[in-house]
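First comes the structure, then the notes that go with it.
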Amino acid sequence: MGESVSMRVGRGLAAVVLAVVLVVCMSMSGCARVQQWRQDRATAAASAASAASASAADAAEDEDLKNFVTDDVNVCDIMSAGDMEAILQGQQLKRISFHRSTLDDGRVELECLIDLVAKTPYAYFPADQFDISYGSSPRERPLIDDVNAIGSVRNVREVSIDGMEGQGVAFFSLSLPSYYLKWRYPDGYELSVRMIGGNRLQWSDDPTDTILIPMLKAVAGTIHAAASGPPEQEAIYPPNGTATASPTG
């Protein structure tokens, strides 16, 4: 039997409805894809902006670090900050505390304590501070015996340096985690250089050969003249955190 008019109309309406549904579904799917693409682009743009902001912030911080103590600053009348940082393998100096005096008997002494930047754009450095001290300390027994008598020390060993007279001893102090190099001159004066750090310092490589010996050799020629200058009770640089003047004036 032939189809009735009503049946043909019904099938036609069903086809139209199906087409509309498909179009709507495709349209919705397309909108979803577009929306997802927009979200992805927005996320990528936000990430890029965040990375650029972080990079700019890091660059600004690194520049601030370099300005804590500039290369031309005179460190305790011993050497320039730039020369000292070179021996410290690029570690940035943050703060310098300086003291020197002349005793009643004419002997002189000097203490130079340098705070180091904890966060640095350079290689990781395990020390928080670096200390240089000089003074007269006459003793009858050998330097290594004096060091062994301190207690809480390890890795004690004698050190010799070409061209320098006297006795040298390197060791690690457990009481205040520090690597020391002490040098006693024949006239009784002692020069010591020391890396001071947190607990991580005792797990670092021994810096005696790479840093302490080069530093001691570098300051040996100027340390007595530096200690013989006008008395300084305590000079701090930068004053109030602003790099404006040398710690020795």
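The values are calculated or read from the model by the stated rules, or taken from the named source; none is laboratory data. Owing to the predicted nature of the structure, the values given are computational and were not obtained by experimental measurement. Ideal geometry is used to build each Cβ from the backbone, glycine not excepted, and the neighbour counts take in all protein chains shown. Protein only, heavy atoms only, side chains kept; ligands, DNA and RNA dropped before computing areas. Shrake-Rupley method; radii C 1.70, N 1.55, O 1.52, S 1.80 Å.
Structure notes:
- Rough spin-label spacing in nm, given labels placed 7 Å along Cα→Cβ, for Asp104 and Ser175: 2.7 nm
- Debye log10 I(q)/I(0) at q = 0.13, 0.22 Å⁻¹ for segment 68-170, Cα point scatterers: -0.66, -1.21
- Taking each residue as 0.36 nm, the span from Asp205 to Asp83 lengthens on full extension beyond its C-alpha to C-alpha distance by 41.7 nm.
- Cα point-scatterer Debye curve for segment 96-226, base-10 log of I(q)/I(0) at q = 0.12 Å⁻¹: -0.47
- Solvent accessible area, Å² - Thr102, 1.4 Å probe, full protein context: 70 Å²
- Residue order by solvent-accessible surface for Asp145, Asp115, Asp205 is Asp205, Asp145, Asp115, largest first, with ligands and nucleic acids left out and a 1.4 Å probe.
- Counting only heavy atoms of the protein chains and using a 1.4 Å probe, Lys94 has close to 90 Å² of accessible surface.
- Within the full protein context, the accessible area of Phe171 is estimated at about 10 Å² for a probe radius of 1.4 Å.
- When all alpha carbon pairs of segment 109-169 are counted in 10 Å bins from zero, the resulting P(r) reads 15, 33, 37, 13, 1 %.
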